[in-house]
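Report on the following structure.
The values are calculated or read from the model by the stated rules, or taken from the named source; none is laboratory data. Note that the coordinates shown come from a computational prediction; the quantities given were computed from them, not determined experimentally. FYI the Cβ positions are ideal-geometry reconstructions off the backbone, even for glycines, and counts take in every protein chain you see. Surface accessibility is based on the protein's heavy atoms, side chains included, excluding ligands, DNA and RNA. Shrake-Rupley method; radii C 1.70, N 1.55, O 1.52, S 1.80 Å.
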Amino acid sequence: IADHIQFAMQRLASGQRLEHAMLWELKSTYRRDDTAALEILDMIHSSTGVVMPIDEAAFLTMHLVNAELNGDMSTTLSTTTAVHDIVNLVRERLAVPLEPDSVAYARFLTHVKFAVRRIEDGQLLVGTDLTLYDMVRTQDPEAHECALAVAAYVCDRFGLDLPEEELLYLM
């Protein structure tokens, strides 16, 4: 993060500005990290007088997320894109508002992030008693259909078929 800030200050001093294409996706997907990144920008302003562009918060958010996930930046970007795509798929499929400030949304987002990380790492859930899967599938066919749509996305993007354990987790 320190290196990024140093280079960002140099870019800004030379009149170069980078735009982050996923600024708003990162803000909604990684709210806690985005808040921390904005605090970092405030600290930079307080200590140097330099006002960094808001796009720098997105770059800092990526660094913070990357540190949390113990991955590299390309994995973090891939994860962020997949999470964003899945959230939009669920939003469209279920036609329900997903309120970014709600506890339910935060919980849902956490589930999606962990599912995507397992998918990217090839460590899918397996071996669970599928009684609960059958019960949820029967009681909430709409959630099951939505989980199947997510599974189709995962198959297209990652070339993986999701087992019923992962479908249950998504439902």
Whenever you get a sec, compute what percent of the accessible area on segment 46-103 sits on carbon and sulfur atoms (1.4 Å probe).
58 percent
Subtract the Cα-Cα distance of Asp55 and Gln139 from 0.36 nm times their separation in residues, and report this length gain in nm to one decimal.
25.8 nm
With label points set 7 Å from each Cα along the Cα-to-Cβ direction at Ser74 and Thr131, the distance between them in nm comes to 4.6 nm
Positive dipole terminus of the chain, leading residue within Ser46, Thr79, His20 (C-beta point charges):
Ser46
Relative to the longest principal Cα axis of the chain, at what angle does helix 141-158 sit, 0 to 90 degrees, rounded to 10?
60 degrees
Can you pull the one-decimal nm distance between simple spin-label points at Cys155 and Thr81, each 7 Å off the Cα toward Cβ?
2.1 nm
Could you check how much of the accessible area of segment 120-171 is carbon and sulfur, as a whole percent, using a 1.4 Å probe?
51 percent
Inter-probe distance in nm under a simple model that places probes 7 Å from Cα toward Cβ, at Gln16 and Asp121:
3.5 nm
Taking N as the number of residues in segment 15-70, the ratio of its alpha carbon radius of gyration to 2.2 N^0.38 Å works out to 1.10
Mind running the shape call on segment 58-124? Use the C-alpha gyration tensor, a ≥ b ≥ c as the square roots of the eigenvalues: rounded below 1.5 for a/c, prolate if a/b tops b/c, oblate otherwise.
prolate
Ellipsoid semi-axes in whole angstrom, largest first, where each is sqrt(5λ) of the Cα gyration tensor of segment 17-171:
34, 16, 13
Given a 1.4 Å probe, the accessible area of the chain per residue, as a whole number of Å², is 57 Å²
